[in-house]
Structure formats: C-alpha cells, structure tokens
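Read the figures in this text as sums done on the coordinates, not as results from a lab. Note that the structure is predicted; figures quoted are calculated from it, not measured. Neighbour counts run over all protein chains shown; Cβ positions are idealised from the backbone, glycine included.
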C-alpha cells in the first residue's frame, strides 16, 4: 500500500470505468469520483483517506464550523481499517467505499445526533437512518458527523444556538447560506468529498451559489422522503445531492434516488448510471432568462450583470439565450408560498403549545407557526390552485425553451453576523425570507433545478445561476450542466482558507 506522501499529481487512474484522470497530490483535493477510483484500485487506503480528512477538519473546522456532532477520531479510523480489510478480502461495498461523509443535520443517521439545530433536540441520538442516508451507507460511506444548518432549516443563514454559525469557505466573515450551509461550505473548503442536502426554499441552491459548488434539487419524488408524516399533500421539500462538480453530483443523485413503496408519490423511472450521461450540445439550446421578473424582485447591484456575462459565454458557443417572463402575477405566487409554507410549519404546533419548548424556538419559527393557526381550508385550496396555475405558466414557457434560468440568490453572501438582509438596494424585506423569493418558483412547481457557478464579484464573493427543466427531466438538466461546466472554469477557483479570524 502506498503512503499518502507517494501520491503525486501525475498519478493516473481510471475513474470508475470512465476515462483516465490525473489525480491531485493531496487526497482531500480529489473529487469524490477520483477518490472512489483511488480507493477501489488501492492506490490510497481508507485509513489514509480518513486521516487526511480528519487532519484538515481539525485544522479548519474551528473557523468554518462545517461539521458538527463529530464521531470520535479513533472510532472513525477503526471503521476505515475495517473498510481496508474488506477490500483486501475482495469485498467492495460500493462507490463510496471507505469515504468520509457527513449527513445534513435535518436527517437521521443511526448513532449520530440529530438536533435540527434546536436546543429542544440537542443530544438526541438517531436510532435509524433516513432512507436516503441508508442508501448512502449501503454504498460504503463512513459517517463522520453532521453538517450544520439553521434551526429546523429555516432561513438561508446557517446559525443556531446549539452549534453556532457556519462560515463561507471563500470569506469566513460572510454567511455560507443555508439551510445546507455546512454541506456547501464543507465541500468548498475540501473538508468533505461531497454532501447530501435538502431543499425547501432553495436550501440546496442558495448555499451552493454562495460557496461555488453544485447543488441539485431533483424533481419532486425523485428522492423519496422516508420516514415522513404526510405522504400526499406537503410536496415542497426534497432531499438531494451536492457536489464539487457535476460528475460527483450525478453519482450521489444515483445513490439517493429511486422508488420506494413507503413514499407513494416517489418516481418509478430509474436514472441511468453516470457513464450513460452525455453533455448536451450547446448549439441551438434554447434558454429562457427570467432575470428579476422585470423588476419585481429586489436584486443587489451587480448580481444580474454577473449572471448575464456567464450566459453570454455559453451563447457564444451557440446557445440561444432570450429574455422571457411567465404569464403570472408574481405577488400571487408569493402569497401562495406564504400560505403553503405556514401550513407546512403547522406540524410543529406541539412545540409552540408547550411553554417550555416554545421559549426555545427561534422567532421566525414562532411566526411561521402562528401563520398556520386557524388557517381556513379555503385559503389552502386557493393556494393549491395558485400553485397549479404557476406550473401551467412555466410549462407554457417550456414550449419555447429547453431550460429556464434565474440567479440563484438576490444578494451576494453577506455578513455572518447578520441573520437576514432587512433590505436590498433600498427595498425593505418584510419577512425573514423575502430576500430568498427568487427560489420559490422551482419549489412550487416541483421541477428539477441545478445551481451552477456564475463567477465572482469584485470582492471575490461567489454567485450562482439556477437552471430549471421540465418535471422528470432531471437527466437533461444535468447533461446541460455537464456542458456548462466544460465551458467554464469557475469551479477551478478554490478558496484560500484561514486558520483563524
């Protein structure tokens, strides 16, 4: 077995049966796909991989606060030793064999804490895996801990009173976004090979845009949620993959996705293996750019222009990029969102009704629960119709365009000490999440949407673009993402990490 120091940049390995690749000298700089191939061909040992990641986590995690509720180092190394022994006995567990993985702290992983970032549940140890977590475990991953989130995942700023604040990989003075903030910053800082996340209001997209990585919200039902209280009505949140690049994202999606009879709305069609994906030809591809919905959304100056310059780059390669707008009252869409979001948070009313737990809830959750109280059925019904009309409005656009596009966020990453922006370019935000309004369109329509990097502003702050496809067309969206990635170099621009702030 080779030592870590013997791995050189010129080392070439097959990537899980695909083309040969040159590997970086540092283990933690390998993509998940490269790392998987290096482990499988025994060019690196699982112990070497685990020790490399633990060293980097202990060095930088005190600043960036990415991984929380970590398992003991000795137990993790022992698990890595077992993974090496299995390989020695020709037992290969799957493409994530021996790879360290941290689960988002809104999902259960057996034996690890699931606090939801809430003081109410701090110290609660999960007794079983969530379905998508069990699928990751079945591929051979070693769970090292959890990734930080906001309390109950509310708000795109990953702070809570249990584990503190996660910071942006490119500037620790700034927010990492959320709610998958720990996942996104962890990958960008190379503290994690890849990460799972979830998306209710942009939680796979916003932090990915803020940290220059990939976040993919799949079509609703592509990644079943098991267990779940409600099986039929609340179709807003979904789990999904994040990656340092598109290849890793596709591989993790393939692991997490798949029909399960316990989730009756889960999709029955199967995605092919990554090797079957093929980058879309950009020539003639029709992209509808919705921008800021003709001034409806408040956008930080310079953000639209940054995204548009990135679109100009792929237009130069033959893509047809046109401005377009859905035939829909956007104020109605926001009211539809508020209704359905309040209703979804009503399931936590038991925490609100108990005085002892209520005083431990963040004000934003109290506001959400109170918005659900005594909500008439007629309002929910009207929101359901509003949602259906929005879906139809987008599908009218898909008759003319292959992909629809929006900025991933309305602001660049802001101070990690600010809970949420109270205004954008002079326009007051009337709720704690109004500044994230740009992400609700894909959520309400249940469509597949990928965050791809759009570059950096003059201060070095990352930003992303959402690319949205028709329902069920997850493969096509990701194949477009492969083509986009091949024509840009944003992912090559890695952060310079700090050991103190």
Using only Cα atoms, locate the centre of the stretch 280-332 and the centre of the stretch 422-487, then give the distance between them in Å, rounded to an integer. 11
Determine the gain in length on full extension of the stretch residue 357-residue 323; use 0.36 nm per residue of separation and subtract their C-alpha separation, reporting nm with one decimal. 7.4 nm
Just check the stretch 235-276 against the gyration tensor rule for me: Cα atoms, a ≥ b ≥ c as the square roots of the eigenvalues, rounded for a/c under 1.5, and otherwise prolate or oblate depending on whether a/b exceeds b/c. oblate
So for the chain: antiparallel DSSP bridges make up what percent, rounded to the nearest 5? 75
Just need the Rg to Rh number for the stretch 111-173, please, alpha carbons only, Kirkwood Rh. 1.02
Residue 425 versus residue 82: modelled label distance in nm, points set 7 Å from Cα along the beta carbon direction: 5.4
Hey, for a label at residue 400 modelled as a point 7 Å past Cα toward Cβ, could you say which residues of the stretch 262-294 have their backbone N under 14 Å away? 286-291, 294
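Could you calculate the FRET efficiency of residue 90 with residue 493 from 1/(1 + (r/R0)^6), where r is the beta carbon distance between them and R0 is 60 Å, rounded to 0.05?
It comes to 0.90.
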Classify the stretch 96-202: rounded, prolate or oblate, from the alpha-carbon gyration tensor (a ≥ b ≥ c, eigenvalue square roots; a/c under 1.5 rounded; otherwise prolate if a/b is larger than b/c)? oblate
What does the stretch 387-501 give for Rg and for Dmax, in Å, if only its C-alpha atoms count? 16.6, 52
In whole angstrom, how far apart do the alpha carbon centroids of the stretch 201-275 and the stretch 36-61 sit? 26
In nanometres, the difference between 0.36 nm per residue of separation and the alpha-carbon distance of residue 25 and residue 283 is 89.2 nm
Give or take rounding to whole Å, what are the principal axis extents of the alpha carbon atoms in the stretch 240-398, in descending order? 59, 41, 30
Anisotropy class of the stretch 51-152 from Cα gyration tensor, a/c 1.5 cut: oblate
Can you give the calculated 222 nm mean residue ellipticity of the chain, where each DSSP H run of n ≥ 4 adds -39,500 (n - 2.57) and the sum is split over every residue, rounded to the nearest 500 deg cm²/dmol? -10000 deg cm²/dmol
Over the Cα atoms of the stretch 146-262, what is the Rg over Rh ratio if Rh follows Kirkwood? 0.98
